[in-house]
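Only the coordinates and a few stated rules stand behind these numbers; no lab work does. Computed from a predicted model, the values in this text were never measured in an experiment. Here Cβ is always computed from backbone atoms with ideal geometry, including for glycine, and neighbour counts include all displayed protein chains.
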Amino acid sequence: MTTSILEQRRIEAAFAKGIYEEMAAELGAEQAKAILTRAVVKLAKQAAAAMAAESPTGPSLEHFVSLQPRWTKDDALEIEVVQHQGAQYGFNVKRCRYAETYKDMGLGELGAVLSCNRDGAFCEGYDPKLQLTRTQTIMGGASHCDFRYVYRT
């Protein structure tokens, strides 16, 4: 049985919380958050490169889209696709259990670091031609997250 990404993030967040608290006590909250951000971005790029390598024909928008069920598994995200044509793919997240999980764990202020910051970095690691534009997130207090991807050739 494969662990869902939502469950994996919950486990990682519990561990990160302890490390973050120790770093914040020693270095201050701002520096601790910066270190955690760099580590999460680095890990996201590595995970993305590994997923891109799974595609027999190399990274592409269609392969990238085919990976989405990994993040939505266990109703982790409720999404609405608003565009999927050519080199563009867009969706809105209407419910985010990642945000809910971090809030329930007392990590609301770190949720963006632990989750949202991964998204752009993931694109870089998957293929630098894949670009994400997002203007708002549920984690940041918006009613929905707006993911808009363009695959530049």
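In terms of modelled amide H atoms, which long-range or inter-chain residues lie less than 5 Å from the amide H of Gly90?
Result for Gly90 returns Val82, Gln83, His84, Tyr149.
Specify the residue with the greatest mean-square fluctuation among Gln46, Gln85, Gln31, computed from a Gaussian network of the chain linking alpha-carbon atoms under 10 Å apart.
So, out of Gln46, Gln85, Gln31, the one fluctuating most is Gln85.
Cα centroids of region 27-92 and region 107-130: how far apart, whole angstrom?
7
To the nearest 20 Debye, how big is the dipole of region 5-151 about its Cα centre, given +1 on the beta carbon of each Lys and Arg and -1 on that of each Asp and Glu?
Taking the Cα centre of region 5-151 as origin, the dipole is about 200 debye.
Give the angle, between 0 and 90 degrees and rounded to the nearest 10, that separates the Cα long axis of helix 117-126 from the longest principal axis of the Cα atoms of the chain.
40
Along the positive direction of the dipole of the chain (beta-carbon charges: Lys, Arg +1; Asp, Glu -1; about the Cα centre), which of Leu110, Gly120, Val150 reaches farthest?
Checked the options; the winner is Val150.
Pairs Lys73/Lys103; Lys45/Lys73; Lys73/Lys94; Lys33/Lys73; Lys33/Lys129: which exceed 23 Å Cα-Cα?
Lys33/Lys73; Lys33/Lys129
Can you work out the base-10 log of I(q)/I(0) for region 77-153 at q = 0.13, 0.16, 0.17, 0.25 1/Å, using the Debye formula on its C-alpha atoms alone?
Log10 I(q)/I(0), no solvent term: -0.41, -0.60, -0.67, -1.19.
In region 46-153, if the dipole is taken from +1 on Lys/Arg beta carbons and -1 on Asp/Glu beta carbons about the Cα centre, which of Ala48, Leu130, Phe91 is farthest to the positive end?
Result: Leu130.
Amide H to amide H under 5 Å from Gly140: which residues, 5+ apart in sequence or cross-chain, H placed 1.01 Å off N in plane?
Residues meeting the amide H criterion: none.
Take every Cα-Cα pair in the chain and report what % of them are more than 22 Å apart.
Roughly 42 percent, once rounded to a whole number.
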